[in-house]
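Colleague: Sharing a structure with you now.
The values are calculated or read from the model by the stated rules, or taken from the named source; none is laboratory data. Keep in mind that what you see is a predicted model, and the values were worked out from it rather than measured. Cβ placement follows ideal geometry from the backbone for every residue including glycine, while neighbour counts extend to all protein chains displayed. We work out accessible area using only protein heavy atoms, side chains counted, and drop any ligands, DNA or RNA first. Shrake-Rupley method; radii C 1.70, N 1.55, O 1.52, S 1.80 Å.
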Amino acid sequence: MISGSKRKRSLGDNLDCVREAARLKETPGEKDSDEMDTSDDGSVDRISQFPDHVIHHILSHLRNVNDAIRTSVLSKRWRELWYSYSVLIFDERKFAAKIGHEDSSNKGMMFRDYVSNSLLTSNAKNLQIRKLVLHMTSFDLLEDAPCLELWLNIAIYRNIKELDLHVGIKNGECYTLPQTVFSSKTLTGIRLSGCKLGTCNNIKLPYLQKLYLRKIPLVENFIQNLISCCHSVEDLRIIKCSGLKHLHVSNLIRLKRAEIHHCIQLKKVEISAPNLDTFWYCGKKTSPCKVSLEGCTSLKRLTLEHPQVTRDFCENQFSNFPLLEKLDLSMSNNKSRFIIISNPHLEKFTLKGCKKLGIVLVEAPNLLSFECKGETMPWVEIHPFGLTQAKLSFVPKSEPRVVGYGDKIWIRMKSFIQKFNRERFKLVLYSNKSIVIHEDLNNVILPPVPDLGCEIINSSACIDDALNSLLRKLHPVTLSIISPTDSKFPKQNIITAGSLLELLLPLTGKMTIAVSL
């Protein structure tokens, strides 16, 4: 193990070696002594004869690390190349857990030595580092900053594609990312948490596609400069970052997804991106913010979890998104009593936190799925009515469970349920005590209870998934199946319910299955 003082003295020499290695050109390796791989029919496996860097390029286009690992079964050549295809993951939490009952300070030193040795070995072998994931839970700015700078420089010099860096903040001191990260010509993805971006003006990230910033103090001028210099960004996410009051995005032609979560100092968000496909804004009601998506005419998925932002959009902005397919709104503590949603392409609509909302009018000819959950149910009118599935779930939180509260919810739920064709749909009603499966939607009888939920699914759909999910989530006393006498449904699903019950008895405890024809 390398001591702390010795590790510090060697950092400068190691960094010089990294820079020298980066200038060296890789020479083609000698031809394998083994004969060319062949398939079962004797044909030549020409792909395995490609140069190393070509096969690495093929691996880089696979969906994830697991897919790349699977290629190792193709041949000995692919097994060898997988080991040189570096996706390096260093997580101090998992590393400490594997070490066992060692001194905590010793664990930290062992982890840092392990990271250093691994990266220096990759550099010595001239291996490209496809992805570096580094999660440091305990970070001392004085002790660890030189190590981290060395590691990042190795990764940059070895043509890293993706960087995922999490730095634990200690005593309010944050690590400042070095200039080399912002001038990488190979980085396509950056995920940062717990560090500073600095004040660098020389930003050159021509191929950056994904930029995720989490728990980072942001200087407004720098973040605007960073965004404006990264013209290839397709996915932008800013989560729990401080210091940012105004976010303006207007020059990212390729931007497809943007998410802003819990940036409490943010007062205004303006995004104008013609190819934006997905937008998600989440914030606290105590942090007012104005959101504008003017010019985002390609938007298909929109999620708003902030009462003021939701109210603003309900009043005048939904008409700006003619291609909108999925809408998720949070009405928590929203004073609006009446909303109208009108969109010709809308297919899925989710409404949450309907405490004060009285009436919801939806004009969407292509709407297939509707979900509503909160403390109470508004009166919902959908024109034309062509739903293929729906979920309703209501549990009062702040209001006392007064007499008649459950009746009010049940009357509105029942009216909504009866709009479905009884021959095409099944109803799964559930509470904390029971699950009831109804095949006849015109003859639904259940005593009103405050905590009531239901799922309406197409009769051709399998009931197994809905039951499996509910039995794992709830611990009901009874599971009932109610069907008309001419139904073919009960016999098959009694078996399903019984099988599920056997699998889930440790979770559900005692349960009675009842069948009514």
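Colleague: Quick one: what pairs do we get from the stretch 184-212, first residue within 16 Å of GLU259 (Cα to Cα), second assigned to a loop (DSSP other than H, G, I, E, B) and polar (S, T, N, Q), C-beta under 6 Å, 6+ apart or different chains?
Modeller: Pairs that qualify, where the first residue is within 16 Å of GLU259 (Cα to Cα) and the partner is assigned to a loop (DSSP other than H, G, I, E, B) and polar (S, T, N, Q), are GLN209/THR188; GLN209/SER232.
Colleague: All but one of (1) open to solvent by 40 Å² or more (accessible area, probe 1.4 Å); (2) under 24 Å from ASP144 (Cβ atoms); (3) at pLDDT below 85 hold for ILE89; state the number of the condition that does not hold.
Modeller: (3)
Colleague: With a cut-off of at least 1 residues that are in the same structural domain as ALA364 (by the TED database) and within 26 Å of LYS391 (Cα to Cα), name the strands (runs of 3 or more DSSP E) lying wholly within the stretch 268-338.
Modeller: The strands (runs of 3 or more DSSP E) meeting that bar are 301-305, 326-330.
Colleague: Okay, next question. List pairs: first in the stretch 219-244 and closer than 16 Å to LEU255 by Cα, second outside any loop (DSSP other than H, G, I, E, B) and among the acidic types (Asp, Glu), Cβ under 9 Å, 6+ apart or cross-chain?
Modeller: Correct list of pairs: ASP235/GLU259; LEU236/GLU259; ARG237/GLU259; ILE238/GLU259.
Colleague: Would you tally the residues in the stretch 198-229 being aliphatic (A, V, I, L, M) and touching a helix residue (DSSP H, G or I) at 6+ places or on another chain (Cβ under 6 Å)?
Modeller: Counting residues in the stretch 198-229 that are aliphatic (A, V, I, L, M) and touching a helix residue (DSSP H, G or I) at 6+ places or on another chain (Cβ under 6 Å) gives 1.
Colleague: Filter the stretch 456-472 down to the residues that are within 23 Å of LEU387 (Cβ to Cβ) and in a helix (DSSP H, G or I) and list them by number.
Modeller: Matches in the stretch 456-472: ASP464, ASP465, ALA466, LEU467, ASN468, SER469, LEU470.
Colleague: Next up: Check ILE445, ILE495, ILE481 and return the single one that is at pLDDT 75 or above and either surrounded by fewer than 12 Cβ atoms within 10 Å (Cβ to Cβ) or within 28 Å of PHE370 (Cα to Cα) (or both).
Modeller: ILE481
Colleague: Can you list residue pairs whose Cβ atoms sit under 9 Å apart, with the first residue in the stretch 123-134 being at positive phi and the second being crowded, with 19+ Cβ neighbours inside 10 Å and among the basic types (Lys, Arg)? Count only pairs 6 or more apart in sequence or on different chains.
Modeller: ASN126/ARG158
Colleague: Return the residues of the stretch 169-202 that are part of a loop (DSSP other than H, G, I, E, B), buried (at least 18 other Cβ atoms within 10 Å of the Cβ) and of a type in the set (Gly, Ala, Ser); say none if nothing qualifies.
Modeller: SER184, GLY194
Colleague: Yes or no: the stretch 307-319 includes at least one residue that is open to solvent by 20 Å² or more (accessible area, probe 1.4 Å), at pLDDT below 95 and among the small types (Gly, Ala, Ser).
Modeller: Scanning the stretch 307-319 turns up at least one residue that is open to solvent by 20 Å² or more (accessible area, probe 1.4 Å), at pLDDT below 95 and among the small types (Gly, Ala, Ser).
Colleague: Then there is this: If I go through the stretch 203-252 residue by residue, how many of them are part of a loop (DSSP other than H, G, I, E, B), among the β-branched types (Val, Ile, Thr) and under 18 Å from PRO178 (Cα atoms)?
Modeller: Here the count works out to 3.
Colleague: Cβ-Cβ under 6 Å, sequence separation 6+ or interchain: first residue in the stretch 354-379 and farther than 21 Å from ILE456 by Cβ, partner part of a loop (DSSP other than H, G, I, E, B) and open to solvent by 40 Å² or more (accessible area, probe 1.4 Å). Which pairs?
Modeller: Between residues of the stretch 354-379 that are farther than 21 Å from ILE456 by Cβ and residues that are part of a loop (DSSP other than H, G, I, E, B) and open to solvent by 40 Å² or more (accessible area, probe 1.4 Å), the close pairs are GLY358/ARG337.
Colleague: If you go through the stretch 453-469 one residue at a time, how many are open to solvent by less than 20 Å² (accessible area, probe 1.4 Å) and modelled with pLDDT under 80?
Modeller: Final tally of qualifying residues: 3.
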